[in-house]
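Participant: After the structure tokens below, expect a handful of questions from me.
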Amino acid sequence: MSKRNKLWMIAVLLIVSFAVYQCKTTQPALKRDATGKVIVNPRPDPAYKDVKAAMQTIYTQPGYHIELVASEPMIQEPVAIVWDGNAKMYVAEMRTYMKDIDGTDENQPICQVSLLEDTNGDGRMDKRSTFIDSLVLPRMLLCVGHKLLVNETYTYNIFSYEDKNGDGKADEKIQVYKNDAPDTRNLEHQKSGLVWNLDNWIYVSCDPVRYKYRGGQLVADSLANSPGGQWGVGNDDYGRLFFSSAGAEIPAVGFQINPAYGILNPRDQFNDEFNAVWPIIATPDVQGGMHRLRPDTTLNHFTASCGQSVFRGDALPPDMKGDLLICEPVGRLIRRAKVSDVNGKVFLKNAYNEQEFIASTDMNFRPVNTATGPDGCLYIVDMYHGIIQESNWTREGSFLRPRIISKGLDKNIGRGRIYRVVHDCFKPGPKPHLLEDSGEQLLSYLDHPNGWWRENAQKEIIARNDRSLIPALQQVALGTHPTIGKRGGALARIHALWTLEGLNAIDKPTLFQAFKDNDAQVRRTAVWISEQYLQQNDETVLAQLAALKNDASGDVQVQLALSLYNSKDASAKTLSGELLQQATDKEFMQSVANSMEINTNTKLFGRRLGGMPATHRNLILQGANIYKQLCSTCHGPDGKGIVVGTGTPAAPPFVDSKRVGGDDVKLMKILLNGLTGPIDGKNYTDIMAPFGAGNNDEWIAAVLSYVRYSFGPRKREFSPVVSVADVKKVRAQNANRQGFWTLEELEK
């Protein structure tokens, strides 16, 4: 071999060696048996671990590893994070959450929102200030420009906070949404999210409402039904929303259609295998009891799904983009789900066979939230807390209480960690400066490969009301801009269309051109935006939409059906009917139509109430609001119980129930003190929690009146209304009762 060839070979070997070194992972290896199956730790140590030791217990899939972003004492009990346009991180800290097994002093106003900064660019936060203090369990955060919008537990009010003098502490507080009614639900059953979605609506879970940000205020829009879900709201590049329902033990719901159109959760959107989770340690502290465990004592099913997000960054491998991450803090793991779209219908599948994306052997690892960061990485909020169940379910006589005490989990408090997931062969992106950037610079970010930059640039342009950008936005939307749109392609056009919509600057020529775009998601976006014209019965827009009824994309067909349904024009109804007949997936399209029909009927709710006394009517309407926000999570909006696939329903159905149409005293007892055990020979995934302690007699009477009115017998002699006085009497008679009822006791 010549000298030149030898030198060339040495150079190649050095390059390869350097690449191998750069991509080498440092994560610990899981112990496996001869078949490759993970060996579960049957006796995990419940003791608190310092950050370094805790990180050694967190296992990721090959190529990925975690880096510490922040930990105690910098933060305590973190539950949610957001970034402003300059990548400053705000952390909601529920510092009073379950400080002991009884939740003592949980509602004291001593929680905080912290402001964290990475001043040297190494990815780790090194500067902290208390941005807001004296809060009650802050639960929702949203950055808009220099303002931070915050909602606290037990209230519907939302305030914006701003640091005017630059000392890291908020010195201006303005109410941006006012509703002084108290939210009396258990904190696990209250709203979360406050996510500014692609369509410029701000969404939350649980409550039938969404908001628009206009002139520094939030303007509410009432929805016919609750979108479902509990802790966490995720969104993808195309504006789909993803919810999780821990109470119903369903890892993902509400992602087929926007909640403004109704509720649609097909049984086959994921299979029973998706419901199974794969922890790497024994799981003694599961509220569902022993039937929730495998023979190796690991959790066998999602029971605390929460904090979900769709990864939209650019600093992890491309096959990660668009995947759904779901936290399972009881199982100490995070699911990675592949999201597929078949003819407009979305399906979920575990990315790994009987394994999870991230799992820990540390009993205090409690992932409760995930998010795509400005640097293109995935972020994890680890509450790092011993107890991860509200006190309603840890009281005397519960399954959980002795197990928590025996492990000493009630002693592990006052900590918390935030991690970012990085990949061995990818470098995190640069720090943004969106708050100082010009409108032209913001416009260029609509083409950014990281979804965080795109959606925040759109939000910032709209919040500034920068109408000078309208001509350039029209160019981007049409794909004619000389530079913007070359990287992101269709995504840049989609964001430009929605930014124009947010500036009230969308016009018909731009929409008509977008109807003909070669990308299906751009066409779908244009159909979605066209609803403002359909509501005005604009015949020219309707004529253009008619040309899309044979569109090859199922996504376009579904959106066309949804958008047409909102028009009162007879031609729109005719076109909608034709679309149903020739849809690519007729069965799914019919399900879409049925969901919209139910939504419309819900809007018309109340016709049967016309002949009732005002006091009875108001009680049922009050109960309807409570049911939609709370009870429907497990019992379903239609009273038939929530179930996906062939799984076990979370709760028994109300429809055709002999108790709903029978003795109302039994119902009072159940709602006041809870119910456990089999019901009519069937076991359900959850117990019926007691609601008597935190709610007055009128609240109990209202819920039961609505349930009996909606799901009881339609007989003239049947009176659905439950008397407040009767509730008061039953409460007094059973004042000393501590435990849950069983059906056997009630029927004696």
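Participant: If you average the C-alpha positions of region 291-307 and of region 482-515 separately, how far apart do those two centres end up, in angstrom?
Facilitator: If you average the Cα positions of each part, the centres end up 45 Å apart.
Participant: Another question, then. So how much slack lies between Asp569 and Gln108, counting 0.36 nm per residue of separation and subtracting their Cα-Cα distance, in nm?
Facilitator: Values: separation 461, 0.36 × 461 = 165.96 nm, distance 5.36 nm.
Separation in residues times 0.36 nm, less the Cα-Cα distance, equals 160.6 nm.
Participant: Can you give the net charge of the other residues whose Cβ lies under 14 Å from the Cβ of Asp697, counting K and R as +1 and D and E as -1?
Facilitator: Numbers: positive: Lys669, Lys728, Lys729, Arg731; negative: Asp664, Glu698, Asp726.
Result for the local shell: +1.
Participant: With each run of n ≥ 4 DSSP H residues scored as -39500 (n - 2.57), what mean residue ellipticity at 222 nm is computed for the chain after dividing by its residue count and rounding to the nearest 500 deg cm²/dmol? Show your work: numbers first, answer last.
Facilitator: Values: 21 runs with 210 residues, N = 748.
The helix-only estimate for the chain comes to -8000 deg cm²/dmol at 222 nm.
Participant: Still on this structure, I have one more. Using each residue's phi in region 245-255, evaluate 6.51 cos²θ - 1.76 cosθ + 1.60 at θ = phi - 60° and report the 3J(HN,Hα) Karplus result to the nearest Hz, with x for Gly and Pro.
Facilitator: My calculation for region 245-255 gives 10, 5, x, 8, 6, 10, x, 8, 9, x, 9 Hz in order.
Participant: Would you pull out the residues with amide H under 5 Å of Asn695's amide H, same chain only if 5 or more places away, H placed 1.01 Å from N?
Facilitator: Excluding prolines and chain starts, which carry no amide H, there are no hits.
Participant: If you don't mind, there's one more thing I want to ask. Summing +1 for each Lys or Arg and -1 for each Asp or Glu, what net charge is found among the other residues whose Cβ lies under 13 Å from the Cβ of Thr742?
Facilitator: On the way: positive: Lys666, Lys669, Arg737, Lys748; negative: Asp680, Glu744, Glu745, Glu747.
Residues near Thr742 contribute 0 overall.
Participant: Using the count of nearby Cβ atoms within 10 Å as a rough guide to exposure, how do Trp196, Trp393, Trp231 rank from fewest to most?
Facilitator: On the way: Trp196 25, Trp393 19, Trp231 29.
With the sparsest Cβ surroundings first, the list reads Trp393, Trp196, Trp231.
Participant: Next up: Just subtract the alpha-carbon distance of Thr584 and Asp100 from 0.36 nm times their residue separation and send over the number in nm, one decimal. Let's see the in-between values first.
Facilitator: Details: separation 484, 0.36 × 484 = 174.24 nm, distance 5.51 nm.
Computed gain between Thr584 and Asp100 is 168.7 nm.
Participant: Pull up all non-local amide H partners of Tyr156: gap of 5 or more, or a different chain, and H-to-H distance under 5 Å with H placed in the peptide plane.
Facilitator: Asp183
Participant: I've got another one for you. Place the peptides 120-131, 315-326 in order of packing, highest mean first, counting for every residue the other Cβ atoms within 10 Å and averaging per peptide.
Facilitator: Details: 120-131: 14.5, 315-326: 19.1.
Ranking the peptides 120-131, 315-326 by packing returns 315-326, 120-131.
Participant: Let me ask something additional. To the nearest Å, what is the center-to-center distance of region 680-698 and region 77-135, using C-alpha atoms only?
Facilitator: 33
Participant: Between the DSSP loop rule and a limit of at most 12 other Cβ atoms within 10 Å, which GluC sites (Glu not before Pro) in region 371-441 are left? Can you show the working numbers first?
Facilitator: Numbers: sites: Glu390, Glu396, Glu436, Glu440; in loops: Glu390, Glu396, Glu436.
Filter output for region 371-441: Glu396, Glu436.
Participant: While we're looking at this one, here's another question. Output wanted: per-residue J couplings in Hz (rounded whole) for region 533-544, from phi through Karplus 6.51 cos²θ - 1.76 cosθ + 1.60, θ = phi - 60°, x for Gly and Pro.
Facilitator: 7, 5, 5, 9, 6, 6, 5, 5, 5, 4, 5, 5
Participant: Mind checking region 500-578 for trypsin sites (Lys or Arg not before Pro) that DSSP puts in a loop (not H, G, I, E or B) and that have at most 14 other Cβ atoms within 10 Å?
Facilitator: Those satisfying the criteria are Lys516, Lys568.
Participant: Turning to a different aspect of this structure: Under 17 Å Cα-Cα from Lys49, which aspartates and glutamates qualify once same-chain neighbours fewer than 8 residues away are excluded?
Facilitator: In chain and number order, the partners are Glu67, Glu72, Glu77, Asp362, Asp382, Asp410.
Participant: All other residues with a Cβ under 13 Å from the Cβ of Tyr379 taken together, and with Lys, Arg as +1 and Asp, Glu as -1, what is their net charge?
Facilitator: Details: positive: Arg124, Arg312, Arg417, Arg420; negative: Glu67, Asp118, Asp375, Asp382.
My count for the surroundings of Tyr379 gives 0.
Participant: Students often get this wrong, so check it: of Lys338/Lys508; Lys191/Lys508; Lys99/Lys178; Lys669/Lys715; Lys164/Lys321; Lys321/Lys431, which have C-alpha atoms separated by over 26 Å? Could you put the intermediate results ahead of the total?
Facilitator: On the way: Lys338/Lys508 36 Å; Lys191/Lys508 37 Å; Lys99/Lys178 31 Å; Lys669/Lys715 24 Å; Lys164/Lys321 37 Å; Lys321/Lys431 20 Å.
The answer is Lys338/Lys508; Lys191/Lys508; Lys99/Lys178; Lys164/Lys321.
Participant: Let me ask something else about it. I need Ser705, Ser114 ordered by Cβ neighbour count within 10 Å, fewest first. Show your work: numbers first, answer last.
Facilitator: Details: Ser705 26, Ser114 23.
So the residues, fewest neighbours to most, are Ser114, Ser705.
Participant: Quick one: work out the % antiparallel among DSSP beta bridges in the chain, nearest 5.
Facilitator: Details: 88 of 91 bridges.
Around 95 percent antiparallel, to the nearest 5.
Participant: Going by how many other Cβ atoms sit within 10 Å of their own, how do His65, His495 line up, fewest first?
Facilitator: On the way: His65 20, His495 29.
Fewest to most other Cβ atoms nearby, the residues stand as His65, His495.
Participant: Moving to a separate point now. Explain nothing, just the number: dipole magnitude of region 120-207 about its Cα centre with +1 on each Lys and Arg Cβ and -1 on each Asp and Glu Cβ, in debye rounded to the nearest 20.
Facilitator: My answer is approximately 40 debye.
Participant: Going by average Cβ neighbours within 10 Å, how do the peptides 141-147, 710-716, 587-593 rank, with the highest at the top? Please report the intermediate quantities before stating the final value.
Facilitator: Working: 141-147: 20.3, 710-716: 14.0, 587-593: 18.4.
Taking the mean over residues of other Cβ atoms within 10 Å, the ranking is 141-147, 587-593, 710-716.
Participant: Out of the trypsin sites (Lys or Arg not before Pro) in region 619-698, which ones are loop residues according to DSSP with at most 12 other C-beta atoms within 10 Å?
Facilitator: Numbers: sites: Lys628, Lys640, Lys658, Arg659, Lys666, Lys669, Lys682; in loops: Lys640, Lys658, Arg659.
Here the trypsin sites (Lys or Arg not before Pro) that fit, given the DSSP loop and packing criteria, are Lys658.
Participant: Compare the peptides 456-469, 37-50 by average per-residue count of other Cβ atoms within 10 angstrom and give them in order, highest first.
Facilitator: On the way: 456-469: 19.5, 37-50: 14.7.
Ranked from most to least packed, the peptides come out as 456-469, 37-50.
Participant: Something else about it: Can you work out the Karplus-derived ³J(HN,Hα) for every residue in region 49-61? Use 6.51 cos²θ - 1.76 cosθ + 1.60 with θ = phi - 60°, whole Hz, and x for glycine or proline.
Facilitator: Result, rounded to whole Hz: 10, 5, 4, 4, 5, 5, 5, 6, 9, 9, 9, 10, 6.
Participant: Under 5 Å between amide H atoms, partner at least 5 residues away or on a different chain: which partners does Ile280 have, H built in plane at 1.01 Å?
Facilitator: Ser360
Participant: For log10 I(q)/I(0) by the Debye sum over Cα atoms at q = 0.05 Å⁻¹, one of [x] -0.26; [y] -0.38; [z] -0.32 was computed from the structure I shared and the rest are decoys. Which label?
Facilitator: Looking at log10 I(q)/I(0) by the Debye sum over Cα atoms at q = 0.05 Å⁻¹ for this model, the match is [x].
Participant: In whole percent, what relative contact order does the chain give with Cα contacts below 8 Å and a gap of six or more residues?
Facilitator: Values: 1636 pairs, mean separation 86.7, N = 748.
Reported relative contact order: 12 percent.
Participant: Once the dipole of region 49-423 is set up with Lys and Arg at +1 and Asp and Glu at -1 on Cβ about the Cα centre, which of His385, Leu148, Asn186 lies farthest towards its positive end?
Facilitator: Positive-end residue among those listed: Asn186.
Any read-out appearing in this document is the output of simple, stated calculations on the displayed coordinates, not a laboratory observation. Everything quoted here is computed from the prediction, not taken from an experiment. Reconstructed Cβ throughout: ideal geometry from the backbone, glycine too, with neighbour counts over all protein chains shown.
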